Structure formats: structure tokens, C-alpha cells
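Chemist: Take this structure first; my questions come after.
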Amino acid sequence: MNNDPHQTPSTPTTILKYYDDMFNLKSTASLVSSFLSDDGRHVLVLDSTVFHPQGGGQPADGGYITDVDCSRFKFVVQDVRSKNGIVYHYGVSERNAEELEEGLQVLLSVDESKRKLNSRLHSAGHLLDLCLEKVGLSHLDPSKGYHFPDGPYVEYKGSVPQAELQSKQKELELEANNLISRGGKVSVGVYSYEEASELCGGGLPDYIPKESTPRIVKLGNYPGCPCGGTHVSNISDLVNIKVTQMRTKKGVTKVYYQIGS
Ligand SMILES: [Zn+2]
């Protein structure tokens, strides 16, 4: 991450609009700063954003940012990163964006097809977590996910005996597709620590601070899970899932998957 020369201790954190409404892909915002990063890319910092930055295993959104009447500049968003609560939109300007004044009102537009794919891949990872118990793998503890299109996987602490890997892979795929065909509303919300804990089956992972208000994603009536990402609106939107590989090594199990269209 490059330093923002305009960032001062008083630079406000960026309001994450997708946090409350994952399905709103357009918004207006006010320009906080505009500068060139060390590698020559143009960077825009705004007071709020609908763009999901890369993080939590989910890739950054793409799209573009323009001035309100689309006449002065068009900024193509190529990457979005977050640091200390400030979101940095990296990209190139199709029209001159060198001298943009602070406070300028801009229009944000997230690439819908890329977002949809990212959301489906992310929700699919959570769905696999929910299937573990049913297939006798409740000892696996979710540790991280890689929900990128180029080989998505979910990773768990815990092992599966080598002799069972193939059958468990098949059972997991079967159960996940079972849940997809049944469907169920996906909801996301921000809760008090106590409420969040209850929604997640009576406890939250250690990395969630006790004084925080966690954002919880809930697939159907299954226990929720803390998550900062974007998701589908119904489990059935996943259409189908293929568990392509299950691997255990050094006490870590990785489950690779693909989703159908
Ligand atoms: Zn998540």
C-alpha cells in the first residue's frame, strides 16, 4: 500500500455503503483526495463508497467513477484497497482527473457482473462451512477463504483421513447442492456483540473484539457467521456447486470449489 500524502490523522474513515446494502451498485460521494501513488497509478479517496475493497478473501470490485454530469472525467477503477478504515480506489483516468478539487461530487458505478460473481463465490464458501456437520466433518474449524474466480477454496484447521478424502468430497458436494435446491434467504446485518453471538450459534471467534458491533451474514436458518463481504440474496442463486478437490496437509484441510452458471 502506498502512502496517501494527503492523509492526516484527521482523515475520516470511508463509509462502506455495501455494508448495509449489498445490492446498491451506484451512489454519489464527495472527493476527499486525489493523488498519484508511487507506482504512478491514480488514487481517489472518497467520503463513502459502494466499492468492495479486496479483503476477507473477496476480490476488489471494478467499475468507474465520474463527475456528476460525466463531462469532466471518467475514472476506471482497477483495484480497491482498504487501510486503517480508509478506502483507496486505484485506476486510470480516461479523461483528465489531475486537478480534482476536494469536495467534488462524484458518481460511483460498480461493475455488476464482476460483483455478482464475487458475491456468488463468497456465499458458496460460507455454504460449504454449513455442510460440514452433516457430512461428519464438524471437527473442521473454518480459518480462511479464497473466493477469487481463479481457483476458489475454503480452508479449515483440522484433518480428514486420506482414505476418506474422496468420499467426503462427494458427500460435501451433494449436501451443498441439496441446500442450494432448497434455497433460503441470505441476510446481512450489524448487531451488538451479544446479538451477533446468539445469531452465530452462541459464540463468536476470538478475533472479534467484545466491544465491537459485528456484521453477520446468515444463510437461510443456519447459524450466522461474521463477515464483511458481499453475498447473494438467496442460497438458490448459487445454482450449483462442484467440490473439485479436498486436500489435507499438516493439520489443514483445503476444499476447492467451482460454481455453475
Ligand atoms: Zn465471508
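The values are calculated or read from the model by the stated rules, or taken from the named source; none is laboratory data. Bear in mind that the values here come from a model prediction, so they are computed numbers and not experimental data. In this analysis, Cβ positions are derived from the backbone assuming ideal geometry, glycine residues included, and neighbour counts consider all displayed protein chains. Quick note on the areas: whole protein, heavy atoms, side chains included, nothing else; ligands and nucleic acids left out. Shrake-Rupley method; radii C 1.70, N 1.55, O 1.52, S 1.80 Å.
Chemist: E102 - would you say it is outside the structural domain of V255 (by TED's automatic domain parsing), open to solvent by 50 Å² or more (accessible area, probe 1.4 Å), over 20 Å from the mean Cα position of the chain (by Cα) and not basic (K, R)?
Modeler: Considered against the rule, which asks whether it is outside the structural domain of V255 (by TED's automatic domain parsing), open to solvent by 50 Å² or more (accessible area, probe 1.4 Å), over 20 Å from the mean Cα position of the chain (by Cα) and not basic (K, R), E102 comes out as yes.
Chemist: Something else about it: Step by step: first the residues of segment 141-168, then only those that are away from the ligand (no atom under 16 Å from the Cβ) and buried (at least 20 other Cβ atoms within 10 Å of the Cβ), then the one that is nearest to K242 (Cα to Cα). Which residue is that?
Modeler: K168
Chemist: Kindly indicate whether any position in segment 105-127 is within 16 Å of the ligand (Cβ to nearest atom), under 16 Å from the mean Cα position of the chain (by Cα) and farther than 23 Å from L16 by Cβ.
Modeler: yes
Chemist: Kindly evaluate G201 against the criterion of being in contact with a Gly (Cβ under 9 Å, 6 or more places away or on another chain) and either farther than 25 Å from V160 by Cβ or within 14 Å of the ligand (Cβ to nearest atom) (or both).
Modeler: no
Chemist: Output yes when any residue across segment 242-255 is in a loop (DSSP other than H, G, I, E, B), more than 16 Å from the ligand (Cβ to nearest atom), of a type in the set (A, V, I, L, M, F, W, C) and surrounded by fewer than 16 Cβ atoms within 10 Å (Cβ to Cβ), and no when none is.
Modeler: Checked segment 242-255: no residue is in a loop (DSSP other than H, G, I, E, B), more than 16 Å from the ligand (Cβ to nearest atom), of a type in the set (A, V, I, L, M, F, W, C) and surrounded by fewer than 16 Cβ atoms within 10 Å (Cβ to Cβ).
Chemist: So, one more: Which condition number does V190 fail, the rest of (1) closer than 19 Å to L238 by Cβ; (2) touching a Ser or Thr at 6+ places or on another chain (Cβ under 9 Å) being met?
Modeler: (1)
Chemist: Whether any residue in segment 46-62 is more than 15 Å from the ligand (Cβ to nearest atom), out of contact with any strand residue (DSSP E or B) (no Cβ under 8 Å at 6 or more places or on another chain) and more than 22 Å from I235 (Cβ to Cβ) is what I want to check.
Modeler: Taking every residue of segment 46-62 in turn, none turns out to be more than 15 Å from the ligand (Cβ to nearest atom), out of contact with any strand residue (DSSP E or B) (no Cβ under 8 Å at 6 or more places or on another chain) and more than 22 Å from I235 (Cβ to Cβ).
Chemist: Here's another thing I want to ask about it. Please determine whether any residue of segment 115-133 is in contact (Cβ under 8 Å) with a residue 60 or more places away in the chain, surrounded by fewer than 20 Cβ atoms within 10 Å (Cβ to Cβ), in contact with a helix residue (DSSP H, G or I) (Cβ under 8 Å, 6 or more places away or on another chain) and not in a strand (DSSP E or B).
Modeler: Yes, segment 115-133 contains a residue that is in contact (Cβ under 8 Å) with a residue 60 or more places away in the chain, surrounded by fewer than 20 Cβ atoms within 10 Å (Cβ to Cβ), in contact with a helix residue (DSSP H, G or I) (Cβ under 8 Å, 6 or more places away or on another chain) and not in a strand (DSSP E or B).
Chemist: Also, I was wondering about something else. If you go through segment 182-196 one residue at a time, do you hit one that is at pLDDT 95 or above, closer than 19 Å to K134 by Cα and part of a helix (DSSP H, G or I)?
Modeler: Yes: one or more hits.
Chemist: Out of segment 214-241, which residues are open to solvent by 30 Å² or more (accessible area, probe 1.4 Å), assigned to a loop (DSSP other than H, G, I, E, B) and under 16 Å from K116 (Cβ atoms)?
Modeler: S233, V239, N240
Chemist: Just to be sure I understand, how many residues within segment 211-242 are free of Cβ contacts under 8 Å to residues at least 40 places away in the same chain and closer than 18 Å to G56 by Cβ?
Modeler: 7
Chemist: Being within 16 Å of the ligand (Cβ to nearest atom) and in contact (Cβ under 8 Å) with a residue 60 or more places away in the chain is the requirement here; does V188 meet it?
Modeler: So V188 passes the test.
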